[in-house]
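Encoded as structure tokens, the structure appears first; notes follow it.
Just so it is clear, none of the values below were taken in a lab; they were calculated from the coordinates. Keep in mind the model is a prediction, meaning the values are calculated, not measured. Counting neighbours? That spans all protein chains shown, and the Cβs are built from the backbone with ideal geometry, glycine included.
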Amino acid sequence: MQLGLHGKVAVVTGASRGIGKAVAQALLEEGCAVAICSRNPLQLDVAVAELSKKGRVFGAPTDVTDENGVKRFIDAVLKEFIVSIFSSTTPALICAAPSRRQRLIFSNVNCATRCLDFSR
Ligand SMILES: NC(=O)c1ccc[n+]([C@@H]2O[C@H](COP(=O)([O-])OP(=O)(O)OC[C@H]3O[C@@H](n4cnc5c(N)ncnc54)[C@H](OP(=O)(O)O)[C@@H]3O)[C@@H](O)[C@H]2O)c1
């Protein structure tokens, strides 16, 4: 697929595995450079090494529920790249149990808006 993203930089949070990692891989295949984060540094290193076979990848261990952590991540990304676009995984809010929903909203939706705030 050619989405016209070649040369852009994408930030994908929660991307050491699962949907986030697949999104990062797809964006690399579109010709983007990609910045990824997740909490576990070892898993993140493994993902960065694997994804780097497809293009330029920057990773920094970050908990997206920690506002200062997100700011540090975005600052590091801005130092590494000139950021053009953002991407984030979207939670299955409707399927989630009510007790999980607020946490999913916080970690999945708020983190994307924080990334945008800190990049301005
Ligand atoms: N799987 C599905 O069928 C499906 C369908 C629709 C929507 N979704 C939603 O899509 C999202 C991803 O699903 P998935 O199946 O890909 O999950 P997953 O395999 O568990 O991957 C989650 C990723 O997010 C990271 N992560 C989790 N909490 C984090 C935090 N606080 N800060 C930073 N990184 C964090 C994890 O790494 P660390 O644990 O190391 O931080 C991991 O890299 C979820 O919100 C899920 O509800 C899933």
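List of remarks:
- Cut-off under 5 Å, modelled amide H: who pairs with residue 10 long-range: 33, 34, 35
- A cut-off under 12 angstrom between Cβ atoms defines the neighbours of residue 16, and their net charge, with Lys, Arg +1 and Asp, Glu -1, is +1.
- Local electrostatic count, residue 67, Cβ distance below 12 Å [Lys/Arg +1, Asp/Glu -1]: 0
- Whole-Hz ³J(HN,Hα) from phi, Karplus 6.51 cos²θ - 1.76 cosθ + 1.60, for region 47-55, glycine and proline x: 5, 4, 4, 5, 5, 5, 5, 9, x
- Per DSSP, loop trypsin sites (Lys or Arg not before Pro) in region 13-83 with at most 13 further Cβ within 10 Å: 53
- For region 112-118, 3J(HN,Hα) computed residue by residue from phi via the Karplus equation (6.51, -1.76, 1.60; θ = phi - 60°) reads 5, 5, 5, 4, 5, 4, 6 Hz, glycine and proline entered as x.
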